[in-house]
Structure formats: C-alpha cells, structure tokens
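Each reported figure results from applying straightforward, stated rules to the coordinates on display, with no laboratory input. Everything numeric in this text was worked out from a predicted model, so none of it was measured. Don't worry about glycine lacking a Cβ; one is built from the backbone with ideal geometry, like all the others, and counts go over all protein chains shown.
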Amino acid sequence: MFAIDLQHLSKSYGPVQAVQDVSLRVPPGELFGLIGPDGAGKTTLFRIMATLLLPDAGTAAVAGHDTRGGMRAIREVVGYMPGRFSLYPDLTVAENLDFFAALFRTTVRANYELIRDIYEPLAPFRDRRAGALSGGMKQKLALCCALIHKPEVLLLDEPTTGVDAVSRQEFWQVLGQLKARGITIMVSTPYMDEAARCERVALLQEGQVLRVDTPAALQAAYPVPLYAVRATGSLYPLLQSLRAYPATRTVYAFGEEAHLSLLPAATAAATTGTAEADLLGYLARAGHAQVQLRGLTPTIEDTFMELLGARPAATAPTAR
Ligand SMILES: Nc1ncnc2c1ncn2[C@@H]1O[C@H](COP(=O)(O)OP(=O)(O)OP(=O)(O)O)[C@@H](O)[C@H]1O
C-alpha cells in the first residue's frame with residue numbers, strides 16, 4: 001500500500017487548469033518533495049489530499065483511504081500545514097496547541113514526545129500570542145499543531161517560504177527526525193536547494209508533473225556539459241552576448257553568473273581547438289573583460305530549467 005497514491009488527478013478553477021493528469025505514488029516513510037514555481041498546482045494537490053477540495057477527475061488515496069468518502073479517516077491520520085499561517089493569531093502558543101489537540105480528542109501531554117524537540121525553543125514563549133511570533137517560530141508552532149495527533153502522513157505546503165535561512169535549516173533537520181520515526185512527508189517548496197534534501201521529488205510546472213526521481217538521478221540526467229560564465233560589469237550584457245552566440249544551446253541567469261550549455265556541434269565546429277576557447281574569443285571581441293568560464297555539476301534547478309526548455313510551452317525560460 002502506498003501512503004499517498006494519486007492517479008490521473010485533474011482540477012480546474014473556471015478556465016484555469018490548476019492540476020492536469022497528475023499521477024504520483026509515495027511509499028510509507030518517504031520524504032517526498034513537490035517542487036515548482038508559484039502557480040504550479042502544489043497547493044491544489046495538497047488541498048485535494050487533505051480532503052478540502054474534490055478533483056474534477058482522477059483519484060487520490062491517502063493512508064489507504066480514498067479522498068472521496070474517506071474524509072473522516074484521512075483527517076484522523078493526516079497532519080496538514082497549509083501554506084498561509086493557519087493558526088489563531090489571538091490565541092497564545094499554548095492555547096493554539098491545546099486547541100488543535102482537543103480537535104483530535106487528544107492532549108498535548110499525551111503526544112508531547114513527538115513534538116518535544118520542535119516545541120522546546122517555543123516553550124519560553126508559551127504565553128505569547130501566536131500572531132506576535134517571528135516567522136520561524138510561527139512555522140514551528142504550525143508544525144507542532146499539525147503533529148499533535150500523531151499523524152501517519154504529513155502534508156506541508158511551502159513550510160519554509162519567507163522564513164530565514166537558519167530557521168529553514170532547522171526545519172529540514174526536524175523533517176529528517178520525523179521521517180526517522182516512520183512518518184511519510186510530502187513537502188512543497190519553491191527553493192531548489194531544499195529539493196536536494198528530499199528522497200524523491202516531483203518537478204511540477206503549470207499543473208503537470210515534468211519528472212519524478214531522486215535528486216541525484218535528476219542531476220545525473222543532465223544531458224550536456226554545463227558552464228558558469230561571469231565577467232566584469234553587470235550580468236545583463238553578458239547574457240545578451242551569450243544569447244546571440246551561434247553555438248549557445250541554453251543560457252539563463254543563475255545568481256551572479258550565467259549558466260550556459262553549448263550545442264553538441266560546437267566542439268566539432270571549434271576553430272581554435274576547443275568550444276571553450278572559441279567562446280572566450282567571442283566574448284572578448286564582444287567587449288567583455290575578465291571572463292571566467294568553468295565547468296559545472298548541474299543542480300536540480302538546472303535540470304528543472306532544462307526540462308522547462310524542452311517543453312513546447314511559450315513560457316519556457318531557457319529560450320535563447
Ligand atoms: N480558488 C481559485 N480560483 C481561481 N484560480 C485559482 C484558485 N486557486 C488557485 N488558482 C490558480 O490555479 C493555479 C494553481 O494554483 P496553486 O495555488 O495550486 O499553485 P501553487 O503551486 O501552490 O502556487 P502558489 O505557491 O502561488 O500557491 C494557479 O494558476 C492559480 O492562480
């Protein structure tokens with residue numbers, strides 16, 4: 001039995017097709033990531049899994065229960081942390097926790113063991129209103145509330161969005177501990193660095209699954225050598241020159257650098273011995289100073305960009 005089993009799910013909001021024929025299977029105990037930009041359909045999938053929304057087509061089963069008809073059973077065994085802060089801002093930390101425990105006919109004391117590590121940094125603020133907590137603390141409290149009934153499956157919708165880097169790091173450590181206890185976790189994130197922390201990820205774009213695999217396999221599948229290019233001055237003119245270069249296959253901004261792949265024929269056609277030397281000569285003639293070119297190990301973000309570029313959609317950001 002799969003902890004999460006989605007088959008051919010589709011959901012539209014009027015003319016907007018939010019989820020399109022999505023099929024995913026997550027075995028018990030897996031830490032699975034839904035990775036995609038805003039609007040990719042992550043929240044819609046979570047709301048279907050949490051029995052808050054019915055799909056137009058397809059089936060969704062969580063912990064062995066179909067979301068059609070299995071609402072009560074699913075809510076008993078699922079912990080759901082919505083993307084937006086979902087606690088009561090006027091209740092204190094302790095009151096929020098008690099409230100969620102009471103909803104599930106349990107007590108904080110009965111399940112304290114599961115939340116202890118997450119709750120301890122919050123304990124000194126137990127009488128503070130939840131609305132007055134910092135972003136990282138709000139997110140810890142929301143996770144405690146999602147865990148208070150000892151769920152088998154945790155659904156976490158962008159839990160680290162807008163949270164500082166240290167809190168994000170801590171949050172992922174906690175997810176590792178929860179996974180070690182056998183809890184199945186589906187977590188969405190727009191941050192590609194977080195994708196690498198999942199056992200498997202689904203890359204989503206415009207409601208569709210582009211690929212499901214381990215982060216390592218996604219990176220290894222990158223089809224051609226990839227380079228980072230930088231030069232003095234701003235990135236924009238460098239990107240423009242690289243886009244105009246005849247042997248360029250894909251190019252896009254990546255932080256302070258450009259990430260570039262060359263057409264396979266570029267090596268064969270090189271006039272100065274190597275494709276790299278040809279490129280450096282071209283950039284120097286185009287007026288770029290102190291150009292640095294180095295080979296890269298592709299990240300998941302590069303793989304994502306590659307998959308988007310391979311699609312016929314007009315939105316493909318890798319187009320030259
Ligand atoms: N209630 C709604 N009515 C109309 N359109 C909606 C509604 N909810 C979502 N959408 C649209 O459906 C698409 C998928 O949205 P969804 O919220 O599932 O994506 P997401 O990946 O979670 O993105 P975000 O992080 O921005 O919430 C988007 O185009 C969004 O604008």
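Structure data summary
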| read-out | value |
| --- | --- |
| By average C-beta atoms within 10 angstrom, highest first, the peptides 59-65, 23-29 | 59-65, 23-29 |
| Segment 62-185 - percent relative contact order, Cα under 8 Å, separation 6 or more | 35 |
| Length-normalised contact order of segment 220-310 in % [C-alpha pairs under 8 Å, at least 6 apart] | 37 |
| For segment 282-308 versus segment 28-79, the gap between their alpha-carbon centres in whole angstrom | 38 |
| Distribution of pairwise C-alpha distances over segment 1-93, 10 Å bins, in % | 15, 47, 30, 8, 0 |
| Extension gain (nm, one decimal) between ALA221 and ASP193, 0.36 nm per residue minus Cα-Cα | 8.3 nm |
| Rounded Å value of the spacing that divides the Cα centres of segment 201-258 and segment 96-126 | 44 |
| Relative contact order of the chain, pairs being alpha-carbon contacts under 8 Å that are 6 or more residues apart, as % | 18 |
| VAL108/SER12 FRET efficiency (R0 30 Å; Cβ-Cβ; nearest 0.05) | 0.15 |
| Helix-derived mean residue ellipticity, 222 nm - over the chain, DSSP H n ≥ 4, -39500 (n - 2.57), to 500 | -10000 deg cm²/dmol |
| Kirkwood-type radius of the chain, with distances r between different C-alpha atoms, in Å | 21.7 |
| Radius, Kirkwood style, for segment 220-310 when every pair of distinct Cα atoms is counted (Å) | 13.3 |
| Unit charges at the beta carbon, dipole of the chain: most positive-side option, LEU34, LEU6, LEU203 | LEU6 |
| Antiparallel %, DSSP beta bridges [both residues in the chain], to 5 | 65 |
| Segment ARG294-ALA165, length gained on full extension (0.36 nm per residue, minus Cα span) | 43.7 nm |
| Extension gain, ASP21 back to ALA286 (0.36 nm per residue minus Cα-Cα distance, nm) | 90.8 nm |
| Overall Cα dimensions of segment 93-211, principal axis frame, Å, largest first | 44, 28, 24 |
| Cα lying deepest toward the dipole's positive end in the chain, options MET137, PHE85, SER167, charges on Cβ | PHE85 |
| Charge dipole of the chain about the Cα centre (unit charges at C-beta), most positive-ward option of ALA258, LEU307, MET71 | MET71 |
